[in-house]
Amino acid sequence: MHRTGTTRRGALTATGAFALGAVLTGCGGGPETRTAPGGTDARSASVRAEALRASAARDSASLLSRYEQVAAAHPVTEAGLAPLTASVREHLTALGVPAKAPSSSPAPSPPAAPTEARAALRDLAAEERRLAVARLLASVAAAGAAHAYLLTELAKETSA
């Protein structure tokens with residue numbers, strides 16, 4: 001089999017770059033921000049990347065608050081929620097937001113936890129699903145952009 005000029009390292013680097021580009025392209029900006037076919041102005045891409053990070057951080061902070069609220073309202077759920085709450089805290093840290101230690105009084109922004117523990121857990125699960133679907137769609141878009149790049153490179157290397 002003929003080896004192409006595309007290396008695994010190059011493909012992974014390009015995948016990461018195009019994944020970010022695909023996510024940013026899907027998050028805003030129209031044709032007026034383009035400087036060349038398929039390319040975007042670096043400054044506007046940076047602004048969109050920061051907006052995307054900030055949005056993900058807000059979502060995770062809200063989710064963390066909901067976890068804390070449910071655990072405070074329903075002590076029977078606290079042990080089961082502890083590792084999940086810690087994971088959401090790690091997501092915040094990865095997004096560059098220092099996650100505060102658990103507080104005795106969660107932020108009041110999320111809606112009040114249902115009075116029944118099972119209902120509160122179902123609501124948390126629904127919120128996690130909503131966030132997971134949005135993140136999955138961004139991941140699929142990024143994979144598609146990487147495929148487009150790799151196919152374009154393969155077309156350049158393939159003789160007619």
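The values are calculated or read from the model by the stated rules, or taken from the named source; none is laboratory data. A quick note: this is a predicted structure, and the numbers were derived from the prediction, not measured. Please note: Cβ atoms are built from the backbone with ideal geometry, for glycine as well, and neighbour counts cover all protein chains shown. Ligands, DNA and RNA are excluded from the accessible area calculation, which covers all protein heavy atoms including side chains. Shrake-Rupley method; radii C 1.70, N 1.55, O 1.52, S 1.80 Å.
May I ask you to list the residues in the stretch 88-114 that are farther than 15 Å from Arg66 by Cβ, at pLDDT 80 or above and open to solvent by 80 Å² or more (accessible area, probe 1.4 Å)?
Glu90, Thr93, Ala94, Pro98
In the stretch 70-87, which residue that is out of contact with any Asp or Glu (no Cβ under 9 Å at 6 or more places or on another chain) and among the β-branched types (Val, Ile, Thr) is least open to solvent (accessible area, probe 1.4 Å)?
Thr77
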